[in-house]
Structure formats: structure tokens, C-alpha cells
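Here the structure is laid out as C-alpha cells; the discussion comes afterwards.
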Amino acid sequence: MDFFTNVNNFLILKNYTLKQTIKTPYGMVWLLFMTSTLPSMNQKHDTAAANPGLTLRKLRKDRGWTLSEAGRRAGLPVSTLSKIENGKMSLNYDKLTRLCQALDMDIAEFFAGDASAAPAAVSGRRSITRAGEGHALETSSYFHLYPATDLLNKRFVPIIAELHARTLQEFGKLVRHSGEEYTYVLEGTVDLHTDMYAPTRLEKGDSIYFDSSMAHAYLAVGDGPCRVLSICSASEAQLMEQVSGGAPAQASSVAKPARAKRKTKNA
């Protein structure tokens, strides 16, 4: 099957014509992407391209999401998702990008179909971060130390944070970011504030796992030092942007130990 026949077959499947696609925003980008990433329409294993609704349903159920939860994360009505999953509505570029962002995957991964059927390749990559090393980012609310910054496209981001703020007034606007977050208290006592629950107090050794798209803030309790280990599924760039909140932040590629840095700053 030649190039244009393959393209046309896919567009017909989506109720598009070449002329309509080229005239739409991002149409040419969409067209070039689809033809460069999708295998031939004659290949029977191309389930994601032939029926993206089935792929969406499987990905949603694999994550344990209801239609309502998936719709909330993607910013799409439940009725729209139901129609897509049942093949009653086309999956256009806008809906696809929203869904892929909610699913935390890129478009190529979505159209790869069921990747679990094939054994995963062993990358063998690793990163060792010595004590006090990493990328440091400090604001009035936190001192953040990001280990393993030499690895790109990590599936989760570890952060060692020393908490500065002790009141919501000191902290300022609560932060939120995509994905989920796990936090373990290394030292001190923490109050976690969110926009959906009453404040939760966590002592040393306690931990919490939560939806980090909720607005949230970590506050130190008492006068002593307070440190936590957080593991986030959002991208490292997004987390750094959210922490700084657009305000000036001191950053360095090789950090001093958190407490030593804080003493130096206040000296």
C-alpha cells in the first residue's frame, strides 16, 4: 500500500478528507505524524490505529479510572469519552492530545497499542547521587534537592525537600501539578494542606500518597528542621516551575547539603 493510500484510508476511518485535514489547525503536522508513525492499515495488529476507542478504554481501565475520572483529568465530558470508546465519535487532534496528557504518555505510545504484549527492553540505565549532590532549587517555602538529574525522561521524579514555611501565609498560593505524589517524612513534623481535605499531620516515618492535581502545601510544624522525600509522577521541568511559582528562586546544578545551605544563607 503506497503512502497516500495509507493516509487516505486512515482519514476515511476518522471521517476526514485530505482537504479537510490540511485546512485544519495543525492539520499538516497531524498528517505527517500519522503517516510517519502508524504502520500499514493492512496490518491486523494495529488495533490502536483501527479502533482508538478500544485502546482508550483499555488504558483507562488499566489505571482504574472511571469515565468520570478520565473526563476530569482530560477536561472532556463523560459523554464524549463514552462515544469515543464505543466508536461513535472520531478522536481528533485536540481530544487526543488532552487524553495523552491525562494518561501521561505521548501520542506515539498511544498508537503503539498494547505494548504489554511484547517483552520490555532492558535499558540498564542508572544514576548514583552522592550525599548532598543534585540540582538545588530554593524558595521561601522549600529547599528542593533533585537527585538523578543526569537521567532524562524519568517515569517519576524523586525530591528531597526541606520545608521552610510554617504557616499558609508564609507559603502563599498552594501548588498543583499533574500526576500523583508519594511523600515520606524523613525528619520533623509536617502538616499537609490541600483544597479538598482537612489538614493532615504527618510525623517522622509517616507517609502519604495522593493526587497531586489537588492544590497542596507542605508546612513545617515546630521550630526544628523538617525534611521529606517526595516521589512525583509529573515531569521534572513542571515540578521545578511549580515550586518556583514564577518567583525568583536560587538554583545550582551541584547542591550543598540542605541544612548547610540554609545556614549559609541566613548567616
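The values are calculated or read from the model by the stated rules, or taken from the named source; none is laboratory data. Values in this document were obtained by computation on a predicted structure and should not be read as measured data. Heads up, the Cβs are rebuilt from the backbone with ideal geometry, glycines too, and the neighbour counts pull from every protein chain shown.
Below is a table of values for the structure above.
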quantity: Residue in segment 151-168 that is hydroxyl-bearing (Ser, Thr, Tyr) and in the same structural domain as Ala217 (by TED's automatic domain parsing) present; calculated: yes
quantity: Top-ranked residue in segment 104-136 [being touching a Ser or Thr at 6+ places or on another chain (Cβ under 7 Å) and modelled with pLDDT of 75 or more; ranked as farthest from Ile160 (Cα to Cα)]; calculated: Phe110
quantity: Residue in segment 124-145 that is over 30 Å from Tyr218 (Cα atoms) and either in contact (Cβ under 8 Å) with a residue 60 or more places away in the chain or among the hydrophobic types (A, V, I, L, M, F, W, C) (or both) present; calculated: no
quantity: Cross-chain or 6+ apart pairs with Cβ under 7 Å, segment 210-222 first and touching a residue at least 40 places away in the same chain (Cβ under 8 Å), then among the aromatic types (Phe, Trp, Tyr) and buried (at least 16 other Cβ atoms within 10 Å of the Cβ); calculated: Ala217/Phe171; Leu219/Phe171
quantity: Residue that is under 17 Å from Ser235 (Cα atoms) and not aliphatic (A, V, I, L, M), where the choices are Asp206, Asp211, Asp195, Asp191; calculated: Asp211
quantity: Odd one out for Ser213 among (1) surrounded by 12 or more Cβ atoms within 10 Å (Cβ to Cβ); (2) over 25 Å from Ala102 (Cβ atoms); (3) of a type outside the set (D, E, K, R); calculated: (2)
quantity: Residue among Thr183, Thr194, Thr200 that is within 29 Å of Ala102 (Cα to Cα), at pLDDT 85 or above and over 22 Å from the mean Cα position of the chain (by Cα); calculated: Thr200
quantity: Residue pairs meeting the criteria (Cβ under 6 Å; at least 6 apart or on separate chains; first at positive phi, in segment 79-98; second of a type outside the set (Ser, Thr, Tyr)); calculated: Gly87/Gly53
